[in-house]
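These notes are about the structure you will find just below.
The values are calculated or read from the model by the stated rules, or taken from the named source; none is laboratory data. In this text the structure is predicted, and so the values were computed from the model without any measurement. All Cβ positions, even for glycine, are placed from backbone atoms using ideal geometry, and neighbour counts span all protein chains on display.
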């Protein structure tokens, strides 16, 4: 139209997941967030492989020593939630962009309390250990369900969702087992091994997605 001046605008977006400076083109923060989320997958894949390896070794050692509570089995029982705290810290640092960090911080707190609770329960015997482990498994399973659901778009999270659901059921069963005669730690070792297998499956699926 006569008398109209077309101006080329430069748009500066300095807030959000990343600073975007384009001329004539605006990139949405959703696009930037999607790219950042994609970068989470390789870190998760490595972490899941480590968690599988740890669970495998841990389960074998507990199978061999878990007939009673001794120095090694006691150390293993406390070590598991401590390792879970460390893994969740690594996970949370790489997951701030996908909305799952809050759930991971909750998991860190739950696992830290579980480590202390198990250390105390060890002085009372296997039934007390199973009760504490059962409560931890239920709470951690619920958190895992929430976190994995938020990460569905990453791929490979159906295994984590299944693992979270099984953890809730297993935790309830541990609490029931604690009241029965002949309670043992062998089921705890099996629980950890199954969880490790789910981590392996998720890691392999993340690799395909990447």
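When you scan the range 89-97, do you find a residue that is surrounded by fewer than 22 Cβ atoms within 10 Å (Cβ to Cβ), at pLDDT below 95 and in a loop (DSSP other than H, G, I, E, B), even just one? Yes, the range 89-97 contains a residue that is surrounded by fewer than 22 Cβ atoms within 10 Å (Cβ to Cβ), at pLDDT below 95 and in a loop (DSSP other than H, G, I, E, B).
Within the range 104-122, residues that are within 20 Å of residue 72 (Cβ to Cβ) sit with their Cβ atoms under 9 Å from residues that are at pLDDT below 95 and not in a helix (DSSP H, G or I), at 6+ positions apart or across chains, in these pairs: 122/69. Number of residues in the range 102-124 that are out of contact with any helix residue (DSSP H, G or I) (no Cβ under 6 Å at 6 or more places or on another chain) and under 20 Å from residue 172 (Cβ atoms): the value is 1. The selection criterion, being within 20 Å of residue 76 (Cβ to Cβ), free of Cβ contacts under 8 Å to residues at least 60 places away in the same chain, in a helix (DSSP H, G or I) and touching a helix residue (DSSP H, G or I) at 6+ places or on another chain (Cβ under 9 Å), does not hold for residue 159. Only one entry of 129, 143 meets the criterion of being in a helix (DSSP H, G or I), touching a residue at least 60 places away in the same chain (Cβ under 8 Å) and surrounded by 17 or more Cβ atoms within 10 Å (Cβ to Cβ), and that entry is 129.
Any residue at all in the range 178-196 that is within 22 Å of residue 102 (Cα to Cα), under 17 Å from the mean Cα position of the chain (by Cα) and surrounded by fewer than 20 Cβ atoms within 10 Å (Cβ to Cβ)? No: the range 178-196 contains no residue that is within 22 Å of residue 102 (Cα to Cα), under 17 Å from the mean Cα position of the chain (by Cα) and surrounded by fewer than 20 Cβ atoms within 10 Å (Cβ to Cβ).
Under the condition of being surrounded by 15 or more Cβ atoms within 10 Å (Cβ to Cβ) and in contact with a helix residue (DSSP H, G or I) (Cβ under 6 Å, 6 or more places away or on another chain), which residue from the range 62-79 is modelled with the lowest pLDDT? Result: 66.
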